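A quick write-up on the structure given underneath.
The values are calculated or read from the model by the stated rules, or taken from the named source; none is laboratory data. None of the values given here were measured: they were computed from a predicted structure. Virtual Cβ from ideal backbone geometry, glycine too; neighbours counted across all protein chains shown.
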Amino acid sequence: YVHPDRVFRDVDATLAVFKALVPKTDIYTYDDGTVQVLLCLHGTIPITFRSTPYNIPVAFWIPTDYPMVPPIAFVVPTSSMLVRKSQHVDVSGRCSHHYLEHWNPPPHNEVCLNYLSFIIF
């Protein structure tokens, strides 16, 4: 990682807020076919939709250039779930948002992943 201290700080802060997320390293395949071992935070994040609480299974991939490039966010459905295409989630589960498309690395200790999860969901 280009900025390992920043990655550690942001991931640590994210894990402190989202207790159900777990870090792992795994192989990520980019859209262009490039394969890279990346840090991934996976698990569930709590949301409320129409006054009903849900735990959404997610994966946040941290690119090696983070925070200069945004995290890559996915909804990861269980076998009993179906990803429904929406404004911010495509049929593959990949999340998109204006915040990601016009990424400007937040300064200091702002936790990018926390903010990202709240605005997407």
Selection count, segment 101-112, where residues are modelled with pLDDT of 65 or more and either among the small types (Gly, Ala, Ser) or within 23 Å of Asp5 (Cβ to Cβ) (or both): 4
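Select, from Met81, Met68, the only residue that is in contact (Cβ under 8 Å) with a residue 60 or more places away in the chain and in contact with a Pro (Cβ under 9 Å, 6 or more places away or on another chain). Quick ask: steps written out before the conclusion?
Details: Met81 fails: in contact (Cβ under 8 Å) with a residue 60 or more places away in the chain.
Testing whether each residue is in contact (Cβ under 8 Å) with a residue 60 or more places away in the chain and in contact with a Pro (Cβ under 9 Å, 6 or more places away or on another chain) leaves just Met68.
Hey, among the residues in segment 8-48 that are of a type in the set (Ser, Thr, Tyr) and assigned to a loop (DSSP other than H, G, I, E, B), which one's surrounded by the most Cβ atoms within 10 Å (Cβ to Cβ)?
Of all residues in segment 8-48, those of a type in the set (Ser, Thr, Tyr) come to 14, 25, 28-30, 34, 44, 48.
If we keep only those that are assigned to a loop (DSSP other than H, G, I, E, B) as well, we get 30, 34.
Numbers: Tyr30: 12, Thr34: 8.
This residue is Tyr30.
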Filter segment 49-107 for residues that are over 19 Å from Tyr30 (Cβ atoms) and assigned to a helix (DSSP H, G or I); the one that is farthest from the chain's Cα centre (by Cα) is His98
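Quick grid of which residues meet (1) without any contact (Cβ under 8 Å) to a residue 12 or more places away in the chain; (2) touching a helix residue (DSSP H, G or I) at 6+ places or on another chain (Cβ under 9 Å); (3) under 23 Å from Asp90 (Cβ atoms):
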position	(1), (2), (3)
Val7	no, no, no
Leu21	no, yes, yes
Thr29	yes, no, yes
Gln36	no, no, yes
Ile47	no, yes, yes
Tyr54	yes, no, yes
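How about segment 16-49: which of its residues are at pLDDT below 90 and closer than 19 Å to Val75 by Cα? I'd like the intermediate steps shown before the answer.
So in segment 16-49, the residues at pLDDT below 90 come out as 16-18, 45-49.
Those that are at pLDDT below 90 and closer than 19 Å to Val75 by Cα: Val17, Phe18, Ile45, Pro46, Ile47, Thr48, Phe49.
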